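Asker: Following this message is one structure expressed as structure tokens.
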Amino acid sequence: MLIGDAAGLILPITFEGIGSALKIGILAAEAIVKCFDDGEQVASLYLKSLEPMLQVIGRLCTVQDQLKASNAGADPLAKSLKNAYRETLTIQET
Ligand SMILES: Cc1cc2nc3c(=O)[nH]c(=O)nc-3n(C[C@H](O)[C@H](O)[C@H](O)COP(=O)(O)OP(=O)(O)OC[C@H]3O[C@@H](n4cnc5c(N)ncnc54)[C@H](O)[C@@H]3O)c2cc1C
């Protein structure tokens, strides 16, 4: 079973993959445990459990395409990200 980057399951737009790699690792482990309990093929259990994540990634790919195609470009998104980084990474003076 492929998980994380090896499975191509990186989130579009932000290209973050740590959270999805962790989550998918857990799903893979659960599928292995379940196949012993239920006698079902591990691959089909794993693929079934991936479906919600694949739907989200598919939706975000569409948003990414829309951002690329829009007249506004990536500016609104870039500004929001810049503000978020500033708020979370700036060391506060005491
Ligand atoms: C510069 C950069 C910044 C990033 N920033 C973020 C971020 O801020 N937030 C975020 O969520 N994601 C970020 N990502 C993406 C994130 O790092 C990956 O999506 C995530 O680490 C994927 O986890 P993984 O376990 O699938 O793969 P990896 O973390 O790449 O782990 C795979 C491991 O397998 C090892 N390996 C490879 N081949 C073999 C082999 N043949 N035998 C044994 N071992 C092997 C590798 O050395 C590695 O340790 C960033 C990526 C990069 C490159």
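Bear in mind that the values in this text are calculations on the coordinates, not laboratory data. Model, not experiment: these values are computed from the prediction. For neighbour counting, all protein chains shown are included, and Cβ atoms are generated from backbone atoms with ideal geometry for every residue, glycine included.
Asker: So which chymotrypsin sites (Phe, Trp or Tyr not before Pro) in the range 13-68 are both in a DSSP loop and have at most 15 other Cβ atoms within 10 Å of their Cβ?
Answerer: Listed in order of number, the matching sites are 15.
Asker: Taking a virtual spin label 7 Å from the Cα of residue 40 along the C-beta vector, which residues in the range 1-28 bring their backbone nitrogen under 16 Å of it?
Answerer: In the range 1-28, the label zone of residue 40 (backbone N under 16 Å from the point 7 Å along Cα→Cβ) covers 27-28.
Asker: Quick one: what Rg and Dmax do you get for the range 1-62 from the alpha carbons, in Å?
Answerer: Over the range 1-62's Cα set, Rg and Dmax evaluate to 12.2, 39 Å.
Asker: Could you go through the range 14-23 in sequence order and give the Karplus-derived ³J(HN,Hα) for each residue, using 6.51 cos²θ - 1.76 cosθ + 1.60 with θ = phi - 60°, rounded to whole Hz, and x for Gly and Pro?
Answerer: Result, rounded to whole Hz: 8, 6, 8, x, 5, x, 5, 5, 5, 4.
Asker: How would you rank 75, 37, going from fewest to most other Cβ atoms within 10 Å of each one's own Cβ?
Answerer: Least to most surrounded, the residues fall as 37, 75.
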